[in-house]
1. Can you work out the FRET efficiency for the pair A:Asn84 and A:Asn180, with r the C-beta to C-beta distance and R0 = 35 Å, to the nearest 0.05?
2. Convert each backbone phi in the stretch A:517-528 into a coupling constant with the Karplus relation 6.51 cos²θ - 1.76 cosθ + 1.60 (shift: θ = phi - 60°), then list the ³J(HN,Hα) values in order as whole Hz, x for Gly and Pro.
3. Given H placed on each backbone N at 1.01 Å, which residues far from C:Cys256 in sequence or on other chains put an amide H within less than 5 Å of it?
4. Looking only at chain C, where both bridge partners belong to it, what percent of the DSSP beta bridges are antiparallel (to the nearest 5)?
5. Give me the number: length gained by fully extending A:Lys515 to A:Thr361, i.e. 0.36 nm times residue separation minus the C-alpha to C-alpha distance, one decimal in nm.
6. For the stretch C:225-325, treating each Cα as an identical point scatterer without solvent, what Debye log10 I(q)/I(0) comes out at q = 0.10, 0.22, 0.24, 0.25 1/Å?
7. Any idea what log10 I(q)/I(0) is at q = 0.10, 0.16, 0.17, 0.18 Å⁻¹ for the stretch A:3-155, Debye with uniform C-alpha scatterers and no solvent?
8. Over the C-alpha atoms of the protein assembly as shown, what are the Rg and the largest Cα-to-Cα span, Dmax, in Å?
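Laboratory data are not the source of any read-out in this text; all were calculated from the coordinates shown. Since we're looking at a predicted model, the values are computed, not measured. Because the Cβ atoms are built from the backbone with ideal geometry, glycine has one as well, and the counts that use them run over all protein chains shown.
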Amino acid sequence: MQDNPRRIATSSVSPMKAIGQPTPRIDAADRVSGRATYTRDVYLDGMLYAQVLRSPHPHARIRSIDLSRAKALPGVKAIVTHENCNYVWGAGSIAGGVQYNDDLKKITKQRRYAFNNPVRYVGEPVAAVAAVDRHVAEEAVRLITVDYEVLPFVLDQEEALKPDAPKLWPEGNISLTARNEAAPTVSKRGDVEQGFREADHVFEERYSTAMCHNAQMEPRSVVAHWEGDKLTVYTPTGGIANCHHDIARDLGIPDEKVRVICHYMGGNFGNKNQNQDTDLITAILAKEAGAPVKLEFSRKDDFIGMHGRWPTVQYYKVGVKNDGSLTAIQLRTVSNMGPYRKNNGGVAGIELYECPHTESTLFPMYTNRTTSANYRGPNDPQGYYPIQSLMDDVAYAVKMDPVDFILKNMVKDGPRTRFTNYTLDECIRKGAELFEWKKRWKPVAGSGDGPIKRGAGVAFMSFRSGVGNSSAVLTVDARGQYTLYVGVTDVGPGAKTTMNIIAADELGVPLSQVKVVWGDTDTCPYSVGESGSRTTIMTGEAVVTAARDLKKQIAEKGLPTGTGLLKASASPNPRVEGKTRNCFGAHFVEVEVDTELGGVRFLKYVAVHESGRIMNPLTATSQIKGGVGMGIGMALHEDLIYDRRTGIPLVTGYYFDRIPTHLDVPDVDVTFIEADDGYGPYGAKSVGESGMIQTPAVISNAIYNAIGKRIKDLPITRARILGALA
Amino acid sequence: MSTDPEKPTEQESDVTRREFLGTAGAALVVAAAVPGVAVEGQTARPAGTPSRPRTQIRLTVNGAQRRLEVDDHWTLAEMLRDHLRLTGTKLGCERGECGACTVILDGKTVYSCSYLAVWADGKSVTTVEGLAKNGALDPLQQAFVVHDAPQCGFCTSGQLMSAKALLSANPAPTVAEVHAALAGNLCRCSNYSRIAEAVVAAGAAGATRRTSGGGQ
Amino acid sequence: MKTFANANARSVQDAARRARDARQTGQHASFAGGGTDLLQLVKERIVSPDLIVNLKTIPNLSQVTRSSKGVSIGGLATLDAISRDETIRRDYPVLAEAAASVATPQIRNVGTIGGNIAQRPWCWYYRNGFPCYKNGGNQCFSFAGENQFHAIFGGGPSYIVHPSDTAPALVALGATIRIAGPSGERAVPASEFFVLPRQNAAVENVLADDEVIASVDLPSPVAGTRSRYFKVTDRETWTHAVVSAAVVMQMEGETCRAAHVVLGGVAPIPWRLPNVEQMLADQPITEDLAARAAEAAVAGARPLSHNAYKIPMTKGVVRRTVLQVAGKT
Ligand code: FES
Ligand code: FES
């Protein structure tokens, strides 16, 4: 068995003590014994249970709501609807769909309330009930009668663009920019028309990608509790600090009157680094009822009420010369954002290539589907899949090996983009070698006898690893015991353990000599939150800074005496000036495609990544493997299908979503090329999202190599493979 | 609804019996120390809860005998979590589609979200809380720690219970056998190969212990 | 979840009578074998029982009994037990394989043969509570909607596919279903147990509301009988068959004397292919014959807007299963 992961140190990386050692999570014993407390495991005295009534219509105006029967049900304690609760959920709709902040709440015209009228998707909250137990709450919700004026609806983003499409907002269906303009987003470099004139071949293709759900294993739940004017919210959030501030702002109370607690969270995968409407709804119910309230989502609530990756339609036009060099890339993307804007809706991928002329136009469209938002690599896998599939086709057309084509055209460290360090070429070469690319890849796609055909594919990745602001507080007592306060939540990647490793290494003490306090805004300073794969980089940097400060204090003053403490607080806000800081990776996969039955089986999967210096190879490897597993679901199975005639979602749980199981995910051969570019804690870069980003692309390319047919829509189901072969 | 007086058939597997003999005392002490555990024969219901069909059941939970009054429509998971506060059993879907709620019932894994508490009358249930013995993690749990089998950890209890049942039937499984036996346990962190690694290692370690004559 | 009472049945007749009595007082009763699927339907409010009659307390209803006439499988035998039973694995491998292919280990541990063949459809319209034929309505939303997993044979007015894996195996094996009602038992051949929507679109089988499956009886296998169950799923586990085939052949050397070929996942009932069976009878099984059988298997298929892919898939399944049963692969 190979070393897993295989690690290749570049010259900039010298060994450290705790950092770089495969370290089991410090809380692993709690996780395997059932002691780890997730939100739904919180029980408070006198706690009520909440349920949400959701719209059965994709678009309707609420004329009236009759609560009389529900109120009459014994055990019902509070009911809220748009009529008695008009808080704006600031993070729920953002002009421009950029990272949310307070100013945007003021700018945004297309506001989203905790309860909206009209309702704009099936599953939108209409009312919420708190009752003595969950069964009464469920019963009460069924006794609420709502009189709806049903409005015309639109599900498809290209339909939404048509002039006669039903309008979700007075301003039209193109989502507003941060300047409240209803216009597509255009970005260009050079002149694509000139590029196409210079091309020997021009390729034009339409690709589509499906809406996928994050589908984290923990269904959303919230416990809210008021003590006087102080609100405590237990909620699964990837960012307690942001969630905390958002709740306070939306409810119009001071930050210090809100406490957010999230110690454990059953999976994040994006879109949880802010507050949710559920936090507000539960807090309001608790206030109304004068008792703690627990809101529990069913899996169906989670699927239809929350968010997923936005579906896209992408039209590419690519110019290439006979020698395989690119002259122009033009892209028109139509993204389906649902009725509110939670992200920009763009797709990544063009920036992966050196090309003199590029132009990208994005139409982020409102539709009457569940709102789309961040999901592991928000803009990335759905952009990587089309462009890297198309470039693969181009390579075959100009008779180049796809690996050579990538090496020729991929983004380079050069005058256009200066990277803090650059290893993309190394990742690709190393991957090709480990995978035995020359042996596994067939120059003639689709060749071979028999119904079962093999094929190999390659895809690559270059993903932001930016530095930025976060905080840490570190104390030491008279016995030399350290306590590290970090506002991280442990959502899966192991942030708490990583912070412990970094602190222990910097302090030169064993892990057990540093106690980590996390997941509670009353005790922890600001942390950037578990999104964008940046906790290690940003909060890790704050830990390093605090540890250095504390070491200095100890050197100057000695350890404290008695019950005294020495304390260091750090809030560094580093910058990378004039350079781009990215992590890099290349994936290779060999598949077997059954041309009679349409199935895809994985024979070999090689992933080579450069994520800077690896803090904990044990958990970092798990992240890559897990990312690939999720990518497989996106590539082959997951598709939140709606009934077109009624606008009702049909994929409302794990059975219909067909997320990968134990039997669907191969083991992944993981290699880390390690480097230290001088930024972040000892050169650490992003890991979490990077494993998933290129997975649909690499699978698409391997399937093409196997069967000689390009599937241009995700997911690549048996139906689509058999359809393409028919 | 009257309680069924019929003595249920004794069908405990060797494993559950062994666990029972080994830990009955300890488990009882632990249970008594957990705040909020229902009084024997009485399950606490908040004031104002409507009365519903209820049944007295007897069952063994992690080696301790319990007599409980349960609402007929409670699922086994609901009884374990809300009323015995054994919250290690997780709920990921409540529809029998994810496996987070897996417990061992008379030696076989079941989805406790999709099994009524009343149906467990006379049976023996093991939850994740019942794996550790005298405060020491089971070797399987230990293997999960070392091999980083939990990422977010939400599926972990269920994976452990399926793995425990597998190891009882097949003490040294292969990777493929582990994946097949745990196929009813989703992991959205997709940490499947880590989980299989851990179970195989626990099996192999157990096999070594047996051949070296220890702890059979 | 909705409130209901649980009643532990003592015998199949007791169960049937409790259901009948409940109905006579205007209550709705449901039977729970394993109960997994029932509880899912109750939680989704697709079924709303006032009384659940628990069959698990009936003594001896889960036994597999051998006799000179064959094997009798109690209606409450679990899928796990069936998949491991020595006799069934030896004499009726198609059934053991079908049982082993159902859902997940946890579901097979509690799920019963009776529950498996009587389970309700897994159509996403039905399961999401659309007012379709199966939910007491009068339309099938899949016909003009999302029908990628729906019927290519025997559809209309409902286009569900029968979800059971064991059902095609039982039809192919010539099983008999023994049904207990409040006032006695009746026996129905498996081939007549399932009901096409054009006969009654609201149900999938002949069971009355107060009837329970007491046993599934399999005739002794004729010498030389070989069988297999082949299932294609979308992901590797916990999905129903997209297409499946239960093939039972009586072989004499290379020659097939008699064949039973029944498809799953393609029709509202287990879909028997008499034309294919005739083609195979008294013929040596060759690659060529299997390929022709595969073509014949899809004669008369009528795909909907999104499920034409099931036609090549069905061909592949039939071809391979026939060859496998004949020992040609
Ligand atoms: S919670 Fe029971 S199977 Fe998902
Ligand atoms: S560890 Fe997160 S779902 Fe398995």
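1. So the FRET efficiency works out to roughly 0.75.
2. Couplings: 10, 8, x, 8, 6, 6, 10, 10, x, 4, 10, 5 Hz.
3. Residues meeting the amide H criterion: C:Asp282, C:Gln283, C:Ile285.
4. So the antiparallel bridges amount to about 85 percent of the total.
5. 50.5 nm
6. With one equal scatterer per Cα and no solvent, log10 I(q)/I(0) is -0.25, -1.11, -1.29, -1.38.
7. Taken in order of the listed q values, log10 I(q)/I(0) reads -0.62, -0.98, -1.04, -1.10.
8. Rg, Dmax (Cα atoms, Å): 30.3, 98.
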